[in-house]
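Student: I'd like to ask some things about the structure below.
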Amino acid sequence: MLKALTIKTMNKRGGTVKAMKEERDELSRQLSIMMRKFVISYGKIIDADLSGSQVYILEILAEEGAVKSSYLAERLSITLPAVTNLANKLVSKGYIERQIPESDRRVTLLAITPMGQEIHEAINQRYSSLTDAIWSGFSDEEISRLLGSYKRMVKNLEEHEQSKE
């Protein structure tokens, strides 16, 4: 009677394809856990009612100045009504304001207020503290390798998004 042999495909590093798939799956799970914990910590840095998208809007307005809602919708990859909803909440908190330029009264721009700028600066300070905690214990070499890996992952995601269009 012949025994069935399991043939394992070896990769370049000597591991099996199955083992590498399991490692990638575990890495994906760990990345997901880290991202969830980071987003939860980041989102609750200053204002428990401030969502990640709202923080991103504040960041864009702080860096780029007043912009149209359509620009924010494109940058956040969300619909214009979703931007309006997020902006309404930020306006009610006093973090942003609507501006109508004299040059074209048909246009409405969203701009960060001084209070919004203060919140944005406080978020960035806390963000710095949070990221310091994430990277504690890593060597310079480990950080360099991770940086290269993360850049490659971002590129892969961008290419994947483009291939779906």
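The values are calculated or read from the model by the stated rules, or taken from the named source; none is laboratory data. Since the structure is predicted, the reported quantities are computational estimates derived from the model, not experimental observations. For neighbour counting, all protein chains shown are included, and Cβ atoms are generated from backbone atoms with ideal geometry for every residue, glycine included. The accessibility values were calculated without ligands, DNA or RNA, using every heavy atom of the protein model including side chains. Shrake-Rupley method; radii C 1.70, N 1.55, O 1.52, S 1.80 Å.
Student: On the basis of being under 26 Å from Met34 (Cα atoms) and either of a type in the set (Asp, Glu) or in contact with a strand residue (DSSP E or B) (Cβ under 7 Å, 6 or more places away or on another chain) (or both), does Glu118 make the cut?
Tutor: On the way: under 26 Å from Met34 (Cα atoms): no; either of a type in the set (Asp, Glu) or in contact with a strand residue (DSSP E or B) (Cβ under 7 Å, 6 or more places away or on another chain) (or both): yes.
In short, no.
Student: Scan segment 109-134 for residues that are at pLDDT 95 or above, open to solvent by 40 Å² or more (accessible area, probe 1.4 Å) and β-branched (Val, Ile, Thr) and report the count.
Tutor: Matching residues across segment 109-134 total 0.
Student: Report yes if Glu142 is acidic (Asp, Glu) and either assigned to a helix (DSSP H, G or I) or on the phi > 0 side of the Ramachandran plot (or both), otherwise no.
Tutor: Details: acidic (Asp, Glu): yes; either assigned to a helix (DSSP H, G or I) or on the phi > 0 side of the Ramachandran plot (or both): yes.
When the stated conditions are applied, Glu142 passes them.
Student: Tell me which residues, restricted to segment 135-148, are surrounded by fewer than 11 Cβ atoms within 10 Å (Cβ to Cβ) and hydroxyl-bearing (Ser, Thr, Tyr).
Tutor: Across segment 135-148, the qualifying residues are Ser136, Ser139.
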